[in-house]
Amino acid sequence: GRVEVYTIRVFNRGSAPARNLQLTATIPDEMQPEAPNDPNGPTQAGRTLTFPSLAALEAGKETKYTIRLRALRAGAIKLTAELQSAELTTPLHEEETTTIFGEAATAAPLAVQEPPPPLAPPISPPALPPPLPEPTRPGSH
């Protein structure tokens, strides 16, 4: 099957360094990881890839993680990534769906509907303003 490359971009949109970042990704059953000879790459346990911890990510900076997966069969597949840090009380969760066409068991080439956009879980979510009140019309209750 065809090899798909996913790039996970992590941005620190906060005003202080993010500490002890840990990224994990769950591999869908329809894919298998292509293991490059990278001693700094992720380790695999079952369907989970765990990237080496990052001690700090400065405010306004980004880091990138790359995952190479080979399609085993056609279908809609979902790659899931989760980011934890010392500052987060709840891990950030992001999913990317890719549709694989063709039969992975045959020699027919597989095609991806669109190249997957990078997953970009922010380090600190932006503050949203409160919702505006619903407009009222004179005479309506």
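Read the figures in this text as sums done on the coordinates, not as results from a lab. All of these numbers come straight from a predicted model, not from anything done at the bench. Because the Cβ atoms are built from the backbone with ideal geometry, glycine has one as well, and the counts that use them run over all protein chains shown.
Relative contact order, percent, of the range 1-59 when contacts are C-alpha pairs under 8 Å separated by at least 6 residues?
RCO, the range 1-59: 47 percent.
Looking at the range 29-59, which GluC sites (Glu not before Pro) are in a loop (DSSP not H, G, I, E or B) and have at most 16 other Cβ atoms within 10 Å? Here the GluC sites (Glu not before Pro) that fit, given the DSSP loop and packing criteria, are 34, 58.
Within the shell defined by Cβ-Cβ distances under 9 Å, the residues around residue 81 carry a net charge of -4, with Lys and Arg each +1 and Asp and Glu each -1.
Length available on full extension from residue 50 to residue 16: 0.36 nm per residue minus the Cα-Cα distance, which gives 9.8 nm.
Rounded to the nearest 20 Debye, what is the dipole magnitude of the range 27-105 about its Cα centre when Lys and Arg each give +1 and Asp and Glu each give -1 at the C-beta?
Numbers: 7 positive and 12 negative charges, 39 e Å.
Here the range 27-105 has a charge dipole of around 180 debye.
Amide H to amide H distances under 5 Å link residue 72 with 31, 32, where only residues 5 or more positions off or on other chains count and H is placed in the peptide plane.
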